[in-house]
Amino acid sequence: MARRYDHSREEIQQLTLERVSEILESESVHSLSLRKIAKTVGYTPATLINIFGNYSGLLLAVNAESLDELHELSVKALESETNALKKLPALANVYLTYACEHTHRWQLIFDHRMPEGEEIPHWHQQRIDLMFSLLDGCLQTIAPEKSSSERETATRVLWAGVHGICLLATEDKLFSKTHASGEILIQSLIDNYLSGWC
């Protein structure tokens, strides 16, 4: 095990996040524990608690990195698509690809629960809001006459539908590779929703 002062606080934090991400590339979120992570990093659980506050704080930090990556990929996808109507599918397909390629990290974002009595920290809620703002921006371009409350409802409906498709895709429960792939279902969902909404 590493000695207490082998790394700075920031280095231990970054090392921990890297190790957890590596574990989640091949193992389920349910295989994680504070003790397992500490052993992998080479520091005591108490050291990690000192840095992240508690186990929940550590998992939130992992989720924050995942959301930052997802946001960066989403922005790139939107910037490379000039057709307003194709931006939504592009955004949704980034989400699907991330879910399929980093399934356990993606699942952790939704499986993590705050301890009773604690609310999501402001810095984490900002990341969630930032993701929804990308979707809202697409809808505002498509239907500028819609109010912010109408767009907010639409963003939640579309996200919920896309999320459900991603969940089924990651668990291989779509039961069709040709006529009902994740991409085809997402395009159909968006097309049909927008045709009624607009």
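Considering every alpha-carbon pair of the chain, the percent of pairs per 5 Å bin, from zero through the bin containing the longest distance, is 1, 7, 14, 17, 17, 14, 11, 8, 6, 3, 2, 0, 0.
Considering only alpha-carbon pairs that sit under 8 angstrom and 6 or more positions apart, the relative contact order computed for the chain is 21 percent.
For the chain, the carbon plus sulfur part of the accessible surface works out to 53%, probe radius 1.4 Å. In the context of the full set of protein chains, residues of the chain present 56 Å² of accessible surface per residue (probe radius 1.4 Å, heavy atoms only).
What the phi angles of segment 56-63 give under the Karplus curve with 6.51, -1.76 and 1.60, with θ = phi - 60°, is a coupling list of 4, x, 5, 5, 4, 5, 5, 5 Hz, glycine and proline written as x.
Each of the peptides 63-69, 25-31 was scored by the mean count of other Cβ atoms within 10 Å over its residues; in descending order, highest first, they stand as 63-69, 25-31. Sparse packing (at most 10 other Cβ atoms within 10 Å of the Cβ) combined with a DSSP loop state is found for the following trypsin sites (Lys or Arg not before Pro) in segment 132-191: 173, 177. Computed from phi, the 3J(HN,Hα) profile of segment 169-174 under the Karplus parametrisation 6.51, -1.76, 1.60 (θ = phi - 60°) reads 5, 5, 9, 6, 10, 7 Hz, with x in place of Gly and Pro. When each of the peptides 81-90, 35-44 is scored by how many other beta carbons lie within 10 Å of its residues on average, the order from highest to lowest is 35-44, 81-90. One chain, two ends: residue 51 and residue 130. Fully extended at 0.36 nm per residue, the span grows by 25.9 nm beyond their Cα-Cα distance. Multiplying the residue separation of residue 113 and residue 15 by 0.36 nm and subtracting their alpha-carbon distance yields 33.0 nm.
The values are calculated or read from the model by the stated rules, or taken from the named source; none is laboratory data. Keep in mind the model is a prediction, meaning the values are calculated, not measured. Neighbour counts run over all protein chains shown; Cβ positions are idealised from the backbone, glycine included. Surface accessibility is based on the protein's heavy atoms, side chains included, excluding ligands, DNA and RNA. Shrake-Rupley method; radii C 1.70, N 1.55, O 1.52, S 1.80 Å.
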